[in-house]
Amino acid sequence: MDLEVIRSYIPLFAKAFFLTLRIGWIGIALAILIGMLSAFVLYFRIPMLSGFIKFYIELFRNTPLLIQLFFIYFGLPAIGLSISAEVCGAVALGLLGGSYMAESFRSGLEAVPYIQTESAMALGMSKGRLFISVILPQAISISVPAIVANIIFLLKETSVFSAISLMDLMFTAKDLIGLYYDTTESLFLLVIFYVIMLLPVSFAGSFLEKKMRYSMFGD
Amino acid sequence: MEEILKIEGLSKSFDDLTVLEDINLTVAKGEVVVIVGPSGCGKSTLLRCINGLESIEEGKVLLDGETVNPTTGNIRKLRERIGMVFQSYDLFPHMTILDNIMLAPLKVQKRDKAEVKKEAEELLARVGLSSKKDNYPRQLSGGQKQRVAIVRALIMNPEVLLFDEVTAALDPEMVREVLDVILDLASQDRTMIIVTHEMAFAKAIADRVVLLDAGTIVEQSDPISFFESPKTERAKKFLSTFEYSKQ
Ligand SMILES: Nc1ncnc2c1ncn2[C@@H]1O[C@H](COP(=O)(O)OP(=O)(O)O)[C@@H](O)[C@H]1O
Ligand SMILES: [Mg+2]
């Protein structure tokens with residue numbers, strides 16, 4: 001491995017790193033939003049919408065991100081809607097992630113025992129009030145480990161963005177390998193940057209799990 | 001005697017299983033009614049009908065003349081006036097003891113925070129749990145949790161309190177501390193309907209004992225008559241299940 005080569009590639013990788021990170025986190029934020037709303041629809045069994053959400057979840061959980069990317073990137077312009085590769089990446093990640101997050105939030109909501117709802121009702125609380133004050137905080141805390149796992153999964157999935165010519169980490173690595181054959185150095189940097197991206201999430205995740213459990217349940 | 005709660009011809013079934021049949025019961029202000037009966041006879045269902053956690057097919061539950069109906073808009077107002085403590089310790093696990101107690105008075109009754117906090121602390125002191133106010137439910141024993149659950153119901157200032165086997169899930173040594181709290185409430189002239197398997201407690205606290213069997217009221221009388229000279233065969237048989245003798 002040539003350290004000089006590595007040093008000269010770092011700025012390129014750093015740029016790609018921030019691009020990947022930016023799209024990744026926008027996508028994840030979108031995924032959390034979509035996931036939460038979908039979980040609410042399923043939890044409250046809202047008629048019509050529930051069926052649609054179930055269909056959406058199955059569709060996106062059972063197709064690869066790459067195919068979703070292609071559909072959005074090449075499919076939308078075909079019906080007259082063109083979006084940039086960046087927006088496309090974030091949207092696709094948000095839709096894929098939303099389907100996973102929905103399941104995580106939903107199982108968190110359903111893990112809260114029904115007696116909690118009944119005790120809150122017995123105290124005269126409205127459905128909305130008891131959902132916000134009693135059910136949701138417990139559900140979120142139960143969901144945290146699954147949500148963190150989803151975030152890590154989604155950040156890894158960003159490696160397929162290069163397929164729609166986003167200048168992300170993967171794209172940069174492939175490009176440099178193609179141009180200069182510095183395979184070892186490029187792959188080394190690729191791995192390092194992904195580790196830099198994911199390790200803090202892992203650590204923050206386990207910290208958050210502990211912290212949430214403590215502030216939620218006192219242990 | 002001024003009546004506060006009236007149950008008229010109440011029937012309730014789950015699908016084709018009839019759980020309660022033509023229940024009639026009137027409770028006076030300040031009265032303590034103890035409901036006893038074998039497991040599965042409908043005691044919990046009866047209490048749940050009283051505060052509208054179950055829908056009613058036939059008959060009526062009236063709180064001070066107002067019909068309790070889970071599908072109408074005033075059900076929440078009525079539930080504020082009927083406190084309930086369940087068998088399982090059902091505190092909100094993500095809140096401290098104080099927050100558990102203060103949640104409903106603040107969010108439902110919209111009362112002043114400082115005033116609610118003061119009352120919560122007084123009530124906690126009364127049940128001997130002042131030192132636990134900043135703890136979480138997990139850090140409390142079962143008996144302590146049930147005492148908090150009672151305080152959480154009390155702070156709403158309910159006109160009627162319902163207790164559903166609140167000591168049934170407790171270790172024997174914790175039963176007493178919870179029953180003592182309920183005895184203390186009886187001495188304050190609270191109106192209560194208590195479902196329990198603790199016969200000695202029932203005898204001590206009841207103004208009236210009601211025996212429920214297979215969804216109907218089989219016998220009701222004052223505790224002395226009920227325990228010492230039960231009229232029906234069913235009551236005698238039920239009471240004999242609490243007696244032990246070497247064969
Ligand atoms: N939600 C329900 N759905 C169907 N059956 C129920 C339900 N709740 C109670 N039951 C049945 O109703 C009967 C009375 O139950 P319950 O009121 O809990 O009795 P108890 O409290 O006296 O032990 C039992 O046979 C029980 O299985
Ligand atoms: Mg019961």
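The values are calculated or read from the model by the stated rules, or taken from the named source; none is laboratory data. Being a predicted model, the structure only gives us computed values, none of them experimental. Ideal geometry is used to build each Cβ from the backbone, glycine not excepted, and the neighbour counts take in all protein chains shown. To get the accessible areas, we keep the full protein, side chains included, count just its heavy atoms, and leave off ligands, DNA and RNA. Shrake-Rupley method; radii C 1.70, N 1.55, O 1.52, S 1.80 Å.
Among the conditions (1) more than 24 Å from B:Gly128 (Cα to Cα); (2) within 16 Å of ligand 1 (Cβ to nearest atom); (3) open to solvent by 20 Å² or more (accessible area, probe 1.4 Å), the only one that B:Glu198 does not satisfy is (1).
Please indicate, with yes or no, whether at least one residue in the range A:77-87 is part of a helix (DSSP H, G or I), more than 10 Å from chain B (Cβ to nearest Cβ) and open to solvent by less than 10 Å² (accessible area, probe 1.4 Å). Spell out the reasoning first.
Restricting attention to the range A:77-87, the residues satisfying the condition of being part of a helix (DSSP H, G or I) are A:77-78, A:85-87.
With more than 10 Å from chain B (Cβ to nearest Cβ) added as a condition, the list becomes A:77-78, A:85-87.
Remaining after also requiring open to solvent by less than 10 Å² (accessible area, probe 1.4 Å): none.
No, the range A:77-87 contains no residue that is part of a helix (DSSP H, G or I), more than 10 Å from chain B (Cβ to nearest Cβ) and open to solvent by less than 10 Å² (accessible area, probe 1.4 Å).
Taking the criterion of being open to solvent by 90 Å² or more (accessible area, probe 1.4 Å) and farther than 17 Å from A:Cys88 by Cβ, the residues of the range A:13-52 that qualify are A:Lys15, A:Phe18, A:Leu33, A:Leu37, A:Phe44, A:Arg45, A:Pro47, A:Met48, A:Phe52.
Filtering the range B:1-38 to residues that are open to solvent by less than 10 Å² (accessible area, probe 1.4 Å) and near ligand 1 (Cβ under 7 Å from one of its atoms) leaves only B:Gly37. Each residue in the range A:126-162 was checked for being of a type in the set (A, V, I, L, M, F, W, C) and either within 14 Å of another protein chain (Cβ to nearest Cβ) or surrounded by fewer than 18 Cβ atoms within 10 Å (Cβ to Cβ) (or both), and 14 of them qualify. The residues in the range B:165-195 that are polar (S, T, N, Q) and within 16 Å of ligand 1 (Cβ to nearest atom) can be counted, and the count is 1. Taking first residues from the range B:44-58 that are within 13 Å of chain A (Cβ to nearest Cβ) and partners that are near ligand 1 (Cβ under 7 Å from one of its atoms) and assigned to a helix (DSSP H, G or I), the Cβ contacts under 7 Å between residues at least 6 apart in sequence or on separate chains come to B:Glu54/B:Thr45. Within the range B:153-169, residues that are acidic (Asp, Glu) sit with their Cβ atoms under 7 Å from residues that are within 11 Å of ligand 2 (Cβ to nearest atom) and in a loop (DSSP other than H, G, I, E, B), at 6+ positions apart or across chains, in these pairs: B:Asp164/B:Phe86; B:Asp164/B:Gln87; B:Glu165/B:Gln87; B:Glu165/B:Thr196; B:Glu165/B:His197.
Looking only at residues in the range B:39-68 that are closer than 17 Å to B:Ser13 by Cβ and surrounded by fewer than 16 Cβ atoms within 10 Å (Cβ to Cβ), the one that is farthest from ligand 1 (Cβ to nearest atom) is B:Lys60. Among residues of the range A:133-162 that are under 11 Å from A:Phe105 (Cβ atoms) and among the β-branched types (Val, Ile, Thr), those with a beta-carbon under 9 Å from a residue that is open to solvent by 10 Å² or more (accessible area, probe 1.4 Å) and outside any helix (DSSP H, G or I) at least six positions away or on a different chain give the pairs A:Ile142/A:Val112.
Scan the range B:97-112 and tell me whether some residue there is over 26 Å from B:Gly215 (Cβ atoms), more than 14 Å from chain A (Cβ to nearest Cβ) and free of Cβ contacts under 8 Å to residues at least 40 places away in the same chain. Yes, the conditions are met somewhere in the range B:97-112.
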